[in-house]
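A.B. asks: Following this message is one structure expressed as structure tokens.
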Amino acid sequence: MKVVILGPAWPYRGGIAAFSERLARQYQSEGHEVHLVTFTLQYPSFLFPGKTQYSTEPAPEGMKISRLMSSINPFSWLRAGRRIRKEKPDLIVCAYWLPFMAPCLGSVLRCAKRKGTRRVAILHNLIPHEHRFGDRLFSNWFVHSCDAFITLSRSVLDEIDEFDPKRQRPRTFCPHPLYDHYGELLERGVALQQLGLRENQRYVLFFGFIREYKGLDLLLDAMADERMEQLGVKLIVAGEFYGDSRPYIDRISRLEIGDRVVLHTDFIPDHEVNRYFCAADLVVQPYKSATQSGVSQIAYHFEKPMVVTHVGGLPEIVPDGKAGFVVEPTPQAIADAIVRYFKEDWSLKMQEGVRDEKRKYSWSNMTKAIAVVTAS
């Protein structure tokens, strides 16, 4: 089968690019021919909140990647769609995560349409966390360019009905598979040594791009709880600020928790990700809103229990009391869960639960789900 995967890929970085490349590896392992089609320009620089859009990693080996479309150049959308159409793929898998990309991706899918080609969208998000004018209009345009949908959370599955109320297009939920390409599991002491951290501390990890909806401010408030100092708990913040860092730095100063917070706020390269997860005792996702999170799937890969908030699809992925704790998005609830984990020594029980749960999240389940929904 010929498969085209449309969306972010190398040389772009981030979770969506990682997802597309890992999905391509799975299709290759199943004997399919795969072509990744990505952007010549993904975001105009004035719209990009981080330091750089580009990966510092080498190009992935054994993958065909073509940079064909600019998010802001309609002529490139037509060219990319026509080129894909000429390849006569059996399947086009398109990543969708932001309405800004809808005109580009929807146009490419329309131009690539031909008899015998199925167009399925993997909806990382449909209605974004940070709302903007025109979001629903653009998402509606994109939805009607697809033949079927895969969602990574049940909340997004429900949102499709707003744009396809007669359910003319098949859709299904398939949980986000494991991110299992970030290196081997390290001994905790080795990981701590590589990060220059002391072994006689307990560490919780906040990982990923720092955006307002991810609730780092809630976690910082939780770290001000005096029980954290009594238990020797420190917070590692590992990820790049997407926006102004000053409110967070000021908060740390005002709460007088500078000695409890370790800031590594540059982009974390792929080959360093294992250090942070293997050094941590517990991964905390204090999100204020969410659909799903790739961070959970990295935590599962490195067999780390989690504290997640009761928003979006996070409770679907982290069973409360088995692989972690599910709490309300408040500093008190987050602090109580962290304290409970360490004080009641849940580590062994939850590590067993994490190992049990991670078996559900294979990439073969994703390709099977795509096959089923496109055959409907």
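The values are calculated or read from the model by the stated rules, or taken from the named source; none is laboratory data. The shown structure was predicted, so the numbers you read here are calculated from the model rather than taken from an experiment. Reconstructed Cβ throughout: ideal geometry from the backbone, glycine too, with neighbour counts over all protein chains shown. Please note that ligands, DNA and RNA were not included when accessible areas were found on the heavy atoms of the full protein model with its side chains. Shrake-Rupley method; radii C 1.70, N 1.55, O 1.52, S 1.80 Å.
A.B. asks: Does LYS368 fit the bill of being among the charged types (D, E, K, R), touching a residue at least 24 places away in the same chain (Cβ under 8 Å) and under 30 Å from ASP90 (Cβ atoms)? Reasoning before the result, please.
C.D. replies: Working: among the charged types (D, E, K, R): yes; touching a residue at least 24 places away in the same chain (Cβ under 8 Å): no; under 30 Å from ASP90 (Cβ atoms): yes.
In short, no.
A.B. asks: Being within 21 Å of the chain's Cα centre (by Cα) and either modelled with pLDDT of 95 or more or in a helix (DSSP H, G or I) (or both): is that true of ALA333 here?
C.D. replies: So ALA333 does not fit the description; no.
A.B. asks: Output the residues belonging to the range 336-350 that are under 28 Å from TYR213 (Cα atoms), open to solvent by 40 Å² or more (accessible area, probe 1.4 Å) and either assigned to a loop (DSSP other than H, G, I, E, B) or of a type outside the set (Asp, Glu) (or both).
C.D. replies: Listed by number, the list holds a single entry, ARG340.
A.B. asks: When the range 299-317 is examined, which residues are found to be part of a loop (DSSP other than H, G, I, E, B), at pLDDT 95 or above and crowded, with 21+ Cβ neighbours inside 10 Å?
C.D. replies: PHE302, LYS304, PRO305 - these are the residues of the range 299-317 that are part of a loop (DSSP other than H, G, I, E, B), at pLDDT 95 or above and crowded, with 21+ Cβ neighbours inside 10 Å.
A.B. asks: While we're here: Any residue in the range 297-306 that is among the hydroxyl-bearing types (Ser, Thr, Tyr) and within 30 Å of ALA121 (Cα to Cα)? Steps first, answer last, please.
C.D. replies: Going residue by residue through the range 297-306, those that are among the hydroxyl-bearing types (Ser, Thr, Tyr) are 300.
Narrowing the set further to residues that are within 30 Å of ALA121 (Cα to Cα) leaves 300.
Checked against the condition, which is being among the hydroxyl-bearing types (Ser, Thr, Tyr) and within 30 Å of ALA121 (Cα to Cα), the range 297-306 yields at least one hit.
A.B. asks: Condition first: at pLDDT below 95 and either of a type in the set (Gly, Ala, Ser) or not in a loop (DSSP other than H, G, I, E, B) (or both). Now tell me which residues in the range 284-294 satisfy that.
C.D. replies: SER289, ALA290, SER293, GLY294
A.B. asks: Among the residues of the range 141-181, what is the count of those that are among the polar types (S, T, N, Q), surrounded by fewer than 18 Cβ atoms within 10 Å (Cβ to Cβ) and at pLDDT 95 or above? Please lay out each step first, then the result.
C.D. replies: From the range 141-181, those among the polar types (S, T, N, Q) are 145, 151, 153, 155, 168, 172; that's our starting set.
Subsequent filtering for residues that are surrounded by fewer than 18 Cβ atoms within 10 Å (Cβ to Cβ) retains 168, 172.
Those still in the list that are at pLDDT 95 or above too: 172.
Of the residues in that region, 1 qualify.
A.B. asks: Is it true that some residue in the range 274-283 is in a strand (DSSP E or B) and surrounded by fewer than 24 Cβ atoms within 10 Å (Cβ to Cβ)?
C.D. replies: Kept after step one, since they are in a strand (DSSP E or B), are these residues of the range 274-283: 282-283.
Those still in the list that are surrounded by fewer than 24 Cβ atoms within 10 Å (Cβ to Cβ) too: 282.
Yes.
A.B. asks: Which pairs do you get when a residue that is at positive phi, found in the range 200-212, comes within reach of a residue that is surrounded by fewer than 22 Cβ atoms within 10 Å (Cβ to Cβ) and part of a strand (DSSP E or B), reach meaning Cβ atoms under 9 angstrom, with the pair 6+ apart or on two chains?
C.D. replies: Once the first residue is at positive phi and sits in the range 200-212, no partner that is surrounded by fewer than 22 Cβ atoms within 10 Å (Cβ to Cβ) and part of a strand (DSSP E or B) comes close enough.
A.B. asks: Please go through the range 210-250 and give me each residue that is among the basic types (Lys, Arg) and touching a helix residue (DSSP H, G or I) at 6+ places or on another chain (Cβ under 8 Å), ordered by number.
C.D. replies: As a first pass, look at the range 210-250 and keep what is among the basic types (Lys, Arg): 211, 214, 227, 234, 246.
Selection gives ARG227, LYS234.
A.B. asks: Among the residues of the range 23-78, which ones are more than 13 Å from MET101 (Cα to Cα), at pLDDT 95 or above and open to solvent by less than 40 Å² (accessible area, probe 1.4 Å)?
C.D. replies: If the condition is that a residue be more than 13 Å from MET101 (Cα to Cα), at pLDDT 95 or above and open to solvent by less than 40 Å² (accessible area, probe 1.4 Å), then LEU23, ALA24, GLN26, TYR27, VAL34, HIS35, LEU36, VAL37, MET63, SER66, LEU68, SER76 are the ones that fit.
A.B. asks: Filter the range 203-229 down to residues that are charged (D, E, K, R) and buried (at least 16 other Cβ atoms within 10 Å of the Cβ), then give me how many there are.
C.D. replies: 5
A.B. asks: Does the range 128-149 include one or more residues that are in contact (Cβ under 8 Å) with a residue 60 or more places away in the chain, assigned to a strand (DSSP E or B) and hydrophobic (A, V, I, L, M, F, W, C)?
C.D. replies: First pass over the range 128-149, keeping only residues in contact (Cβ under 8 Å) with a residue 60 or more places away in the chain: 129-130, 147-149.
When the remaining residues are screened for being assigned to a strand (DSSP E or B), the result is 148-149.
Keeping just the survivors that are hydrophobic (A, V, I, L, M, F, W, C) gives 148-149.
Yes.
A.B. asks: Within the range 259-271, is there a residue that is open to solvent by less than 20 Å² (accessible area, probe 1.4 Å) and either of a type in the set (D, E, K, R) or in a helix (DSSP H, G or I) (or both)?
C.D. replies: No.
A.B. asks: Within the range 352-371, how many residues turn out to be polar (S, T, N, Q), open to solvent by less than 50 Å² (accessible area, probe 1.4 Å) and touching a Pro at 6+ places or on another chain (Cβ under 9 Å)? Reasoning before the result, please.
C.D. replies: Just the residues of the range 352-371 that are polar (S, T, N, Q), to begin with: 362, 364-365, 367.
Within this subset, residues satisfying the condition of being open to solvent by less than 50 Å² (accessible area, probe 1.4 Å) are 362, 364, 367.
Restricting the remaining residues to those that are touching a Pro at 6+ places or on another chain (Cβ under 9 Å) gives 362, 364.
So the count comes out to 2.
A.B. asks: Same structure, new question: With the condition being among the basic types (Lys, Arg), I'd like the helices (runs of 4 or more DSSP H) fully within the range 11-122 carrying at least 2 qualifying residues.
C.D. replies: On the way: elements: 15-29, 74-87, 102-112.
In the range 11-122, 15-29, 74-87 are the helices (runs of 4 or more DSSP H) which contain 2 or more residues that are among the basic types (Lys, Arg).
A.B. asks: Got a number for residues in the range 86-127 being in contact (Cβ under 8 Å) with a residue 40 or more places away in the chain and not hydrophobic (A, V, I, L, M, F, W, C)?
C.D. replies: Total meeting the criteria: 9.
A.B. asks: Oh, and also: Report yes if PRO331 is free of Cβ contacts under 8 Å to residues at least 12 places away in the same chain, open to solvent by 20 Å² or more (accessible area, probe 1.4 Å) and under 17 Å from LYS214 (Cα atoms), otherwise no.
C.D. replies: Numbers: free of Cβ contacts under 8 Å to residues at least 12 places away in the same chain: no; open to solvent by 20 Å² or more (accessible area, probe 1.4 Å): yes; under 17 Å from LYS214 (Cα atoms): yes.
So PRO331 fails the test.
A.B. asks: I'm told GLU240 meets every condition in (1) open to solvent by 40 Å² or more (accessible area, probe 1.4 Å); (2) modelled with pLDDT under 95 except one. Can you identify the failing condition by its number?
C.D. replies: (1)
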